[in-house]
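Asks: Pasting a structure below so you can have a look.
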Amino acid sequence: LAITPKAHAQVVYTDVDPDEVLDSSSVDVDFDGDGTVDVTIFQYGTNYGGFQLELGLVSVPSGNAVIASATTTASGSVLAYPSVMGTGAAIAPGDSRFNDASSQLLGLGVNGAPNAGQWDSQQGFIGVRFVTGTGTHYGWVQLNVAAGSGTVTVLDYAYESTPDMAIGAGDSGMNFGIASVAAPWHFGVS
């Protein structure tokens, strides 16, 4: 039996501490600390014609993308909805669900009730593909979206620092498991 720590040396993890609760505010995520915003998470509330509207949004800079579903409106516009990903879901090269729309809807609440989007009363991960000077990288941001999109909370995020390498949603680089490698640890009784 060979028991080894699972290799995650390339995952760079950031705990947002304290958690960033967005209420008509935003937070920029710069995965690799290079000074370039890789994705921005927004929550915006407004009163419009007697209706209280609450929006959770993801802003995606040019060249980057988020795993999302998309619909095309009658006018030909494409609306993107970031997918709620569970722990361990693959965020990987070649995934056809990456969408590069510059503004993507987490959720829309009207007078406290959900109206659109996949994130109402959900906690999960968004999968992100971003480009740096060193290549294309994959990462995740963990969010908690309140009922009716009244607030969006950013909990933590991580990315795989090796270009073109997949990452699992929620992988913080601190997980351990059973794996086989060239020089495993051996346990025995002498």
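The values are calculated or read from the model by the stated rules, or taken from the named source; none is laboratory data. Since the model is a prediction, treat every value here as computed from it, not as a measurement. As a convention, Cβ positions derive from the backbone with ideal geometry for all residues, glycine included, and neighbour counts pool all protein chains shown. When the accessible area is computed, the model is the full protein with side chains, heavy atoms only, and any ligands, DNA or RNA have been set aside. Shrake-Rupley method; radii C 1.70, N 1.55, O 1.52, S 1.80 Å.
Asks: Pop out the carbon and sulfur fraction of the accessible area of the chain as a percent, whole number, probe 1.4 Å.
Replies: Carbon and sulfur atoms account for 53 percent of the accessible area of the chain.
Asks: Now for a different question. What number comes out for accessible area per residue over the chain if the probe is 1.4 Å? Units Å², please.
Replies: Spelled out: the 1.4 Å probe surface of the chain, per residue, equals 51 Å².
Asks: Taking a ≥ b ≥ c as the square roots of the eigenvalues of the Cα gyration tensor of segment 77-157, is the shape rounded (a/c under 1.5), prolate (a/b larger than b/c) or oblate?
Replies: prolate
Asks: Let me ask something else about it. Please give the contour-minus-distance gain from GLN52 to ASN115: 0.36 nm per residue of separation, less the Cα-Cα distance, rounded to one decimal in nm. Display every interim value, and only then the final one.
Replies: Details: separation 63, 0.36 × 63 = 22.68 nm, distance 1.18 nm.
In short, 21.5 nm is gained.
Asks: Something else: Which values of log₁₀ I(q)/I(0), to two decimal places, follow from the Debye formula for the chain at q = 0.17 Å⁻¹ with a uniform point scatterer at every Cα?
Replies: Ignoring solvent entirely, the Cα scatterers give -1.06.
Asks: Could you tell me, in Å, what Rg and Dmax come out for the Cα atoms of segment 14-95?
Replies: When restricted to the Cα atoms of segment 14-95, Rg and Dmax are 15.4, 45 Å.
Asks: Using +1 on the beta carbon of Lys and Arg, -1 on that of Asp and Glu, and nothing else charged, what's the dipole of the chain about the Cα centre, debye to 20?
Replies: The calculated dipole for the chain is roughly 540 debye.
Asks: Which is farthest toward the positive dipole end of segment 14-89 among PHE31, LEU53, PHE42, measuring Cα position about the Cα centre, with Cβ charges +1 (Lys, Arg) and -1 (Asp, Glu)?
Replies: Going by the Cα projections, it comes out as LEU53.
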